[in-house]
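The values are calculated or read from the model by the stated rules, or taken from the named source; none is laboratory data. The structure presented is a predicted model; accordingly, all values stated were derived computationally and were not measured. Please note: Cβ atoms are built from the backbone with ideal geometry, for glycine as well, and neighbour counts cover all protein chains shown. These accessible areas exclude ligands, DNA and RNA; they are computed on the full protein's heavy atoms, side chains included. Shrake-Rupley method; radii C 1.70, N 1.55, O 1.52, S 1.80 Å.
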Number of protein chains: 4
Amino acid sequence: MEALERTNLEHTDGYGVDCHCERAAELIREMTKDPDASVYMMTGGTSCNVTVASCLRPYQSVISARSGHMYYHETGAVEATGHRVLALDGVDGKLTPELIDKAMSEFEDEHTPQPKMVYLSQSTEIGTVYSRSELTAIRDKCDEYSLFLYLDGARLGAALTSRGNDLSISDLAALCDAYYIGGTKNGALFGEALVIRNRELSDHFRWMMKRQCGLLAKGRLIGVQFEALLEGGEQSLYYEIAAKENRIADILRDGLGEMGITFFSPSTTNQIFPILKAGAVRELQKEFFFYEWAKERGGLIPIRLVTGWGTTESDAAAFLDAVKRIR
Amino acid sequence: MEALERTNLEHTDGYGVDCHCERAAELIREMTKDPDASVYMMTGGTSCNVTVASCLRPYQSVISARSGHMYYHETGAVEATGHRVLALDGVDGKLTPELIDKAMSEFEDEHTPQPKMVYLSQSTEIGTVYSRSELTAIRDKCDEYSLFLYLDGARLGAALTSRGNDLSISDLAALCDAYYIGGTKNGALFGEALVIRNRELSDHFRWMMKRQCGLLAKGRLIGVQFEALLEGGEQSLYYEIAAKENRIADILRDGLGEMGITFFSPSTTNQIFPILKAGAVRELQKEFFFYEWAKERGGLIPIRLVTGWGTTESDAAAFLDAVKRIR
Amino acid sequence: MEALERTNLEHTDGYGVDCHCERAAELIREMTKDPDASVYMMTGGTSCNVTVASCLRPYQSVISARSGHMYYHETGAVEATGHRVLALDGVDGKLTPELIDKAMSEFEDEHTPQPKMVYLSQSTEIGTVYSRSELTAIRDKCDEYSLFLYLDGARLGAALTSRGNDLSISDLAALCDAYYIGGTKNGALFGEALVIRNRELSDHFRWMMKRQCGLLAKGRLIGVQFEALLEGGEQSLYYEIAAKENRIADILRDGLGEMGITFFSPSTTNQIFPILKAGAVRELQKEFFFYEWAKERGGLIPIRLVTGWGTTESDAAAFLDAVKRIR
Amino acid sequence: MEALERTNLEHTDGYGVDCHCERAAELIREMTKDPDASVYMMTGGTSCNVTVASCLRPYQSVISARSGHMYYHETGAVEATGHRVLALDGVDGKLTPELIDKAMSEFEDEHTPQPKMVYLSQSTEIGTVYSRSELTAIRDKCDEYSLFLYLDGARLGAALTSRGNDLSISDLAALCDAYYIGGTKNGALFGEALVIRNRELSDHFRWMMKRQCGLLAKGRLIGVQFEALLEGGEQSLYYEIAAKENRIADILRDGLGEMGITFFSPSTTNQIFPILKAGAVRELQKEFFFYEWAKERGGLIPIRLVTGWGTTESDAAAFLDAVKRIR
């Protein structure tokens, strides 16, 4: 906010070609040790996913976990550009090399769409994180089948600063053809920084952005926010916000675990999915806002808790107290 | 062929508005006891499927069995028009009311595409046939959720004349919002007769056909063939061809069954899927043309045999002899 | 900015369903005397245009002036959704009833797309404004042919506060099926308020927004800005900013006119298109930023001057002085 | 017809990979002296146009004369795949190098679609023919701007055998990146032979065909017809039919010209556009079938006469007699 105000009276070129967008891009190239990367300031995650996927040839498709945002929560926006999203039942919300083999084995000839891109999220929609070995194995599969690897980083900060994470952002970047660093869910008002490493995907990309309604007139708005978020690399505001969210989430996770509560997903990030009694869920909803993640089964409901940049330790303590009291 | 030659010198209006198309439509309205149905002469099955599905609103999707032709063998042609095809693992290649419930339960709000059409094939891609009670139960589900029911009849003749079928064409028509009577796979050189009963789907349909490359300049070619195929209702050439194909298929099925060979699918129509030893498959391929239907597993391969309008009883006998000899 | 900061710590529902969006919508319903209007907070003008146009049936097209933004400056984003934009040479950047007659006369039957929407901009891309009688005549044509009338208000403030304008915002609203009130070009950081009056166009509109990447996670950002801009109706910040821009533009227009300089377009708003000698243009570009609007012809170049919310009277005076000195 | 009947009992591979399609392709490669050309058997002209155009990158557009079939008579089928067709007012139905310059000058940057393909018809929709020098000049422009040149040959036979034509089919082929040899309007029941010379356009073309509903199950049907039509090169049935149609058209053209009747278009092929008095048109319509080509103006109406493979010299004489009697 401060950064936006400070820059509000500057005159800049429009449509994302300005000094703030350029500086934000430079910061990303440095922190990822990737001097040749193309960086684009995007308004939202769906916009990133759609614009990247629509760079495929018309008959090509994208492989995604069924829980993947591109498949599950974007109203068919990729299909709207004419490409199938091939959904597979993931393991803890993650794709595996075996699943990619399976998808490729269904592709036969000109009667079937050709899978050409693997889409995954880090962290996933259920809070899990790909390890270095998992992501490397998927990269190897992509090489085997000549697939692009595209990583949705809406919650990338949460992954990078989570317990047990063994991938730095530069490791991760090196394994992907394209990915984005999510701002909206990591302290920005809005905006994502899309990074394209493979030039086959960045051909005339600004044309593709405009065609998909993704070229913001005052593009500097996003540039300014990423400048402010990323300055300092691993000591930046971006890491700080994410780490804090994870820390509060760990308090919740540990606290709930100590009460013997089990979880819908082995999340290690700022989304937690405790499974509670239906009655307790109803009671908690009077005091706290959260989603029910799945339908009631056997009297139990998994809920989703998400810690945000404004969530405090005392918020977490209050929730844990309430659960102790109610369950 | 004969009918085409006889009419080759006639002068007719173009683009499917001629006396042959009209007569073919009239025959269909009579045999289905459906005087208000709209009938369109189409060049192929994919063209039918795509043009019907593209009549949905942009955010709507189609429910299909994973083995459904629309999902499995059309190179994403429906997705090319911007609509998701939601694929579900069918039971013997068929959708069930429970699967439709499952698909609808995934639809939440504006973040997910809205399923609006159920696509099924009669007979299915693996030769099975929906019974009256099965199809009625699906119709009821469609009514419950306000879904269109669209039936792909590429192999409709095979279904109508198969052992154990309990649905007449007029019964079937009454349960559907749209369906097509397949010509290509039932004696025609090419062409399918698409029947639309629900006017919500037929609005400006000829515009949709042209836009999807489906309006044949000399539309009479298809009309002439369907006139010849359908004259006589259940005594027509259409039924005769299909019944003969099923009869030869039954010979194969019974013969293979007597040898103790099992089948990949409980087909009752002119596609049969015996599971043979890999070595036998290799030997048989030297003499006969057929597809391997799935990959080898445990030394066994399911193959697909299809009887056509030219297949004879002695062809069947020769194949059975070869299997006896080789397996 | 102030308003955004003040609301930064509030907890609100996401995706444009929050109290700020609702309050902004209420202000719009009041100032347009249109209590039943549907209002959507959009990220940009292209997003408005594309999402509205994509609500047409697949075979329908949009009529636009060739200079219209939808046709000329959006990289075919409407065509990307499958709809033709039918471009006509406008008169001073405007459509006329005669042009609509012409477009409709080209529409024959199922071999041609069906024009179904008229797209116009107020003010136009070359700064002109539709008068009450002009817009009413177009509305009448739309009624005659059953066309939707959609108005792009990226520069609506400039039109409403321009010399000689005889249309209030409620007059204008009453003539349209849909329109948007532009924020990006009228004081907002970003965002447009799309108003849909005809329910045929608003069916499941939030699904359409999501599908076209137009649903902002933190939708309140746009709501907050429109609250701040529109509070007070014709005394609002929105009118104040636009009126000031027009006032400075009038100074430029009058000053240039007094020097005998002619204009490319009879603009009455904050875009002015003086035609200057090529040499003078080169000199002025050293001191001022502006676009050349068309290629040099006969030693002359039309340029585009746009006054913004930060342009001052002394900026205008400096430009006029420079022109006097240089031309 | 004869050829189709002769081959009706053959067993061939499906989907256009059979000996007849291959032989037809070979004949085309020979007569065009183009041994590396890729040839595809297509069901119709719209299908050719759409499948070729949809091979462009998403942000690219096609340049066409306004009267071009792709723009004027295909219900926006190319736009349905997301590409703009940029329509220009042609000269006698033809594009010119100057028109291409004009189209390219409108293309600026990422805010405008990038023209990438020139579409023209030979003969055109109003019966005119590109000369060698005209087509060469357009090829040069295409090279200058890196544009594909695609020629719609729905009426190619009529052009090749017309008075004054100075382009052989091999000359013409050498100037194009892709073109099709029309069957439907030149003696075939249906079908066009699409020839792609530039490999950038033929990448995975069969996938594109299937996706656009253009892969005919019994592809041999088209192959068989082209075998029969093209055997013999310039002595083939294809040339013979076209030459006969032109000859009868010349009789009509000359006869009408001798009566002092003027023409809407300087056609030299089998479409003729005499301008007749409205009253005479009404009278003639009682005896003959033809289209009115444009609206009545000053008491006169241009009509379109098309000679077909069945039109005889006495048909022409009867028409001329009627005009003499009635006009």
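Values computed for the structure shown
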item: Residue list for region B:10-63, filter: within 30 Å of C:MET209 (Cβ to Cβ) and not aliphatic (A, V, I, L, M); result: B:ASN49, B:THR51, B:SER54, B:CYS55, B:ARG57, B:PRO58, B:TYR59, B:GLN60, B:SER61
item: Top-ranked residue of region A:146-174 - restricted to ones that are open to solvent by 30 Å² or more (accessible area, probe 1.4 Å) and in contact with a strand residue (DSSP E or B) (Cβ under 9 Å, 6 or more places away or on another chain), ranked as farthest from A:PHE205 (Cα to Cα); result: A:ARG155
item: From D:PHE288, D:PHE273, residue being closer than 22 Å to D:LYS185 by Cα and touching a helix residue (DSSP H, G or I) at 6+ places or on another chain (Cβ under 8 Å); result: D:PHE288
item: Within region A:91-128, considering residues that are assigned to a strand (DSSP E or B) and not charged (D, E, K, R), the one farthest from A:ILE169 (Cα to Cα); result: A:GLN114
item: Test: residue in region A:38-45 that is open to solvent by 20 Å² or more (accessible area, probe 1.4 Å), at pLDDT 95 or above and not hydrophobic (A, V, I, L, M, F, W, C); result: yes
item: Selection count where residues are surrounded by fewer than 21 Cβ atoms within 10 Å (Cβ to Cβ) and either of a type outside the set (Asp, Glu) or at positive phi (or both), scope region A:212-240; result: 8
item: Qualifying positions in region A:36-55 - outside any loop (DSSP other than H, G, I, E, B), more than 7 Å from every other protein chain (Cβ to nearest Cβ) and either more than 16 Å from A:LYS218 (Cα to Cα) or out of contact with any Asp or Glu (no Cβ under 7 Å at 6 or more places or on another chain) (or both); result: A:SER38, A:VAL39, A:TYR40, A:MET41, A:GLY45, A:CYS48, A:ASN49, A:THR51, A:VAL52, A:ALA53
item: Flag for C:GLU144 being within 13 Å of chain B (Cβ to nearest Cβ) and over 30 Å from D:ARG57 (Cβ atoms); result: no
item: Where C:ASN186 falls short, out of the listed (1) among the polar types (S, T, N, Q); (2) under 16 Å from C:TRP309 (Cα atoms); (3) modelled with pLDDT of 95 or more; result: (3)
item: Search result, residues across region B:201-218 that are of a type outside the set (Lys, Arg) and either in a loop (DSSP other than H, G, I, E, B) or away from chain C (no Cβ under 11 Å) (or both); result: B:LEU201, B:SER202, B:ASP203, B:HIS204, B:GLN212, B:CYS213, B:GLY214, B:LEU215, B:LEU216, B:ALA217
item: Lone unmet requirement of (1) surrounded by fewer than 15 Cβ atoms within 10 Å (Cβ to Cβ); (2) more than 26 Å from A:ASP166 (Cα to Cα); (3) modelled with pLDDT of 95 or more for A:LYS295; result: (3)
item: Set A:GLU313, A:GLU283, A:GLU287: member being open to solvent by 50 Å² or more (accessible area, probe 1.4 Å), within 14 Å of another protein chain (Cβ to nearest Cβ) and of a type in the set (Asp, Glu); result: A:GLU287
item: Count of region B:272-290 residues which are more than 15 Å from B:ASP92 (Cα to Cα) and not in a helix (DSSP H, G or I); result: 6
item: Count - residues of region C:56-90 that are in a loop (DSSP other than H, G, I, E, B), within 13 Å of chain B (Cβ to nearest Cβ) and open to solvent by 10 Å² or more (accessible area, probe 1.4 Å); result: 3
item: Which numbered condition D:GLU110 fails, given (1) within 14 Å of chain C (Cβ to nearest Cβ); (2) out of contact with any Lys or Arg (no Cβ under 6 Å at 6 or more places or on another chain); result: (2)
item: Criterion (in contact with a His (Cβ under 8 Å, 6 or more places away or on another chain) and modelled with pLDDT of 95 or more) met by exactly one of D:PRO115, D:PRO97, D:PRO58; result: D:PRO58
item: Criterion (surrounded by fewer than 18 Cβ atoms within 10 Å (Cβ to Cβ) and over 17 Å from A:THR269 (Cβ atoms)) met by exactly one of A:ILE301, A:ILE326; result: A:ILE326
item: Checklist (1) under 18 Å from C:PHE290 (Cα atoms); (2) in contact with a Gly (Cβ under 6 Å, 6 or more places away or on another chain); (3) open to solvent by less than 10 Å² (accessible area, probe 1.4 Å) applied to C:ALA278, failing item; result: (3)
item: Among residues of region C:170-187, those that are closer than 13 Å to C:LEU229 by Cβ and not basic (Lys, Arg), counted; result: 6
item: Pick from region C:291-327, criterion among the aliphatic types (A, V, I, L, M) and not in a strand (DSSP E or B), ranking: nearest to C:ALA188 (Cα to Cα); result: C:ALA316
item: Any hit, region B:184-192, residues being without any contact (Cβ under 8 Å) to a residue 60 or more places away in the chain, away from chain C (no Cβ under 14 Å) and open to solvent by less than 10 Å² (accessible area, probe 1.4 Å); result: yes
item: Residues being open to solvent by 30 Å² or more (accessible area, probe 1.4 Å) and either modelled with pLDDT under 95 or part of a helix (DSSP H, G or I) (or both) - total across region D:254-271; result: 3
item: C:GLU231 vs. criteria under 16 Å from C:HIS20 (Cβ atoms) and among the acidic types (Asp, Glu); result: yes
item: Residue within region A:119-134 that is open to solvent by 20 Å² or more (accessible area, probe 1.4 Å), within 14 Å of another protein chain (Cβ to nearest Cβ) and over 30 Å from C:LYS218 (Cα atoms) present; result: no
item: Residue in region D:96-116 that is among the hydrophobic types (A, V, I, L, M, F, W, C) and under 27 Å from B:TRP207 (Cβ atoms) present; result: no
item: Members of region A:91-107 found to be without any contact (Cβ under 8 Å) to a residue 40 or more places away in the chain and more than 11 Å from chain B (Cβ to nearest Cβ), listed by number; result: A:VAL91, A:GLU98, A:LEU99, A:LYS102
item: Criterion (in contact with a strand residue (DSSP E or B) (Cβ under 6 Å, 6 or more places away or on another chain) and farther than 30 Å from C:ARG220 by Cα) met by exactly one of A:ASP177, A:ASP143; result: A:ASP177
